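The values are calculated or read from the model by the stated rules, or taken from the named source; none is laboratory data. What you see is a predicted model, and the numbers here were worked out from it, not measured in a lab. Neighbour counts are summed over all protein chains in view; Cβ atoms, including those assigned to glycine, are modelled from backbone coordinates with ideal geometry. Accessible surface areas use protein heavy atoms only, side chains included; no ligands, DNA or RNA. Shrake-Rupley method; radii C 1.70, N 1.55, O 1.52, S 1.80 Å.
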Amino acid sequence: MIDTKPLKIEYLTYVYRSDFLRLKRCAVSELSLEVENGEIFGLLGPNGAGKTTTIKGVLNLIRPTKGRIEIFGKNSRWSDARQKVGYLSEQPYFYDYLTVREILTMYGTLVGLSGANLKSEVKRTLRLVRLEDRIDSKMRSLSKGLTQRVAMAQAILNRPSLVILDEPFSGLDPIGRREFRELILKLRDDGASIIISTHVLSDVELLCDCAAILVKGKLRGIFNIGDLPKGEAQSYELVVVDQVNQAIPKEFEVAEEQKKHHQLLILKFKEEESARLALTAAINKNLSVVSFNPITPSFEDHFVKIVNQ
Amino acid sequence: MMKANFLQPILALALNTYRESVRSKILYLAIFFCFFLIVVSSLFAKVSVGDAAQTVKDFGLASCSIFAVAFAVISGAMLLNKELLRKTIYNILSKPVMRWQFVFGKYLGMLLTVGLLILLMTAGLYLYLYLVFAQLDPLIWYGSFFIFLELVILCAVAMFFSALVVTPVLSGIFTFSIFIAGRSVSYLTQYFSQQNLNEPLEAVIQMLYWTLPRLDNLNLINAVVFENFEILSFDRFFFSCLYAISYALVMLMLAAYFFKKREFN
């Protein structure tokens, strides 16, 4: 039976020689992972972890030293394998002498679109990335955020079943980020599998079903985002309104950390009991309590812990 | 989902390369300097012995050749390098495009531009000869076609070095050296045949003789200017076309082979 997983990487290793001293360096080592149909898969890791190298291996831009990559069951070295793939590169560059229409027409032709179909797909994609009004703008006149939208448009022009996005939110304003997140979810709902390589963990938490963490070219693990242990509270945070003439209860003195932010006093307690005593004291002294929360490990905390292991 | 036929990506890339050149200033600078030289040649014609129109034709076709070659060497050397520097190649090769299609597309675009350049320069020369000397000489077009045939080879050589060598300067120097050597093959072989060479050196000269492009055979400027119809035969035309296309194809296949081995880190 043919394996039709959108992406299957087996023991991918990539060794290259450095520019000057020609020393051997291993960018990715024995990496194996699979992306399921309709999944949003995060590729995480600090700088130099091998995320972009892995993506380049998938797209046949580099030749893996060892290992095998399959896209929908086809060896990624065949150009055919990329027929259903869309790719948004990190810091995308485009021919600045072309207009948005010309750029998309060219990329559309490369993926086999032509005639009226090509025209309608260009228009559809520009609507999706909200760039219809810039169709005849020269690329050199576009801002970084708008260029990023063109990059997304060319990536999804062929209605790909596997979309690879390398730092897709780079250069986008908050509205743009939200629109891109909605677009990514829409692509998933339409049946595409999506790989996102990013440093922005909040986006991964919001979008991804699971994520692989790479550190120095090695896979540290693949995690289902929803299954990450919330864990016990590591500390407790009490926030009260800082009233100038009010005496501070002595229970506040045991706080591990105290800081003032605008008109708020933020207290951090290590022990639950001392935190509760401080809360009771605050209520008894008629202080305005804004919030009282246990602090559980965030996704970022998990990430840092895994990276530092 | 539609699948591109093998020609579709080549034509799309050729059109893009053509657009890039047509929208750049280098092309227009080349045309301007060519016209400038044609006009200057009139001044030489006035002080030279012989037919003034012939001098202008000679100067004009030579300028046409020089500027077309300069354009091919410079833009050919930059062609792949610019794609790498600007990282535009990542988006192209992430599509279902084969590396050889990329090489052939770039080459075709370059050839289209060079063709346009030669066409415009020849048209300028033709018009100038008509306006100043009241001559309509169709042989000029024949001469410029042979300049184009030279460029068919030279652009392929430029692609080959562009795919093989990383730095554009080196690639340009190699291409220009091949042009000079190709134009001088017959002189070089004549010179070396008169020397007493040892066997290994003789073998190297023989190898160069068979591998260097015979651009000297495609340089018909003198034959056109002096209307030497023995040289301007149909046989010459047919075999020159065949030779240029074959040589270019071999160079492009080698370029595609080396380009396929390249990695884009």
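Worth a mention:
- Taking B:PHE104, B:PHE192, B:PHE44 as the candidate residues, the one with maximal mean-square fluctuation in a Gaussian network model of chain B, Cα springs under 10 Å, is B:PHE192.
- Expected-Rg normalisation [2.2 N^0.38 Å, Cα atoms] applied to the stretch A:1-135: 1.25
- Amide H contacts of A:ILE194 (H built 1.01 Å from N, under 5 Å, at least 5 apart or other chain): A:GLU39, A:ILE40, A:PHE41, A:VAL163
- Point-charge dipole on Cβ atoms (K/R +1, D/E -1) for the protein assembly as shown, about Cα centre, debye to 20: 180 debye
- Partner lysines whose Cα lies under 29 Å from the Cα of B:LYS25, excluding those fewer than 8 positions away in the same chain, are identified as A:LYS138, A:LYS144, B:LYS57, B:LYS82, B:LYS87, B:LYS106.
- Principal semi-axes in Å for the stretch A:68-137 [√(5λ), Cα gyration tensor, largest first]: 26, 15, 11
- Helix A:299-308 and the longest principal axis of the Cα set of chain A meet at an angle near 80°.
- Inter-part distance where the stretch A:249-281 and the stretch A:4-42 are each reduced to a Cα centre, Å: 48 Å
- Inverse of mean 1/r across different Cα pairs in the stretch A:168-309, Kirkwood, Å: 18.4 Å
- With a 1.4 Å probe rolled over the protein heavy atoms of all chains, the accessible area of A:TYR16, A:TYR107 falls in the order A:TYR16, A:TYR107, largest first.
- Calculated SAXS-style log₁₀ I(q)/I(0) at q = 0.20 Å⁻¹ - the stretch A:116-165, Debye, Cα scatterers: -0.67
- DSSP-defined antiparallel bridges as percent of all bridges, the protein assembly as shown, nearest 5: 70 percent
- Summarising the overall dimensions of the protein assembly as shown from its C-alpha atoms, the Rg and Dmax are 32.8, 116 angstrom.
- Principal-axis tilt of helix A:100-110 within chain A, Cα atoms, nearest 10 degrees: 60 degrees
- Summarising the amide proton neighbourhood of B:GLN135: residues at separation of 5 or more, or on other chains, whose placed amide H is nearer than 5 Å comprise B:TYR130.
- Distant-in-sequence amide contacts of A:VAL215, defined by a placed amide H-H separation under 5 Å and a gap of 5 or more residues or a different chain, comprise A:ARG220.
- Residue among B:ASN196, B:ASN16, B:ASN219 with the largest mean-square fluctuation in a Gaussian network model of chain B, springs linking Cα atoms under 10 Å: B:ASN196
- The stretch A:98-136 and the stretch B:162-227: distance between their alpha carbon centers, rounded to Å: 46 Å
- Prolate/oblate/rounded call for the stretch A:174-238, Cα gyration tensor, a/c under 1.5 rounded: oblate
- Cα gyration tensor shape for the stretch B:193-265, rounded if a/c is under 1.5, else prolate or oblate: oblate
- For peptide B:21-27, the mean count of partner chain Cβ atoms within 10 Å of a residue's Cβ comes to 1.
- Overall dimensions of the stretch B:6-69 as given by Cα atoms, namely Rg and Dmax in Å: 17.1, 56
- Distance from the C-alpha centroid of the stretch B:5-57 to that of the stretch A:159-233: 52 Å, rounded to the whole angstrom.
- In this view, the solvent-accessible surface of B:TYR191, computed with a 1.4 Å probe and all protein chains in place, comes to about 120 Å².
- GNM flexibility winner over chain A from A:LYS259, A:LYS51, A:LYS268 (Cα, springs under 10 Å): A:LYS259
- Measuring against 27 Å, Cα to Cα, the residue pairs A:LYS186/B:LYS261; A:LYS24/A:LYS56; A:LYS8/A:LYS51 contain A:LYS186/B:LYS261 as the ones spanning a longer distance.
- Helix axis angle, A:272-284 relative to chain A longest principal axis, alpha carbon, degrees: 60 degrees
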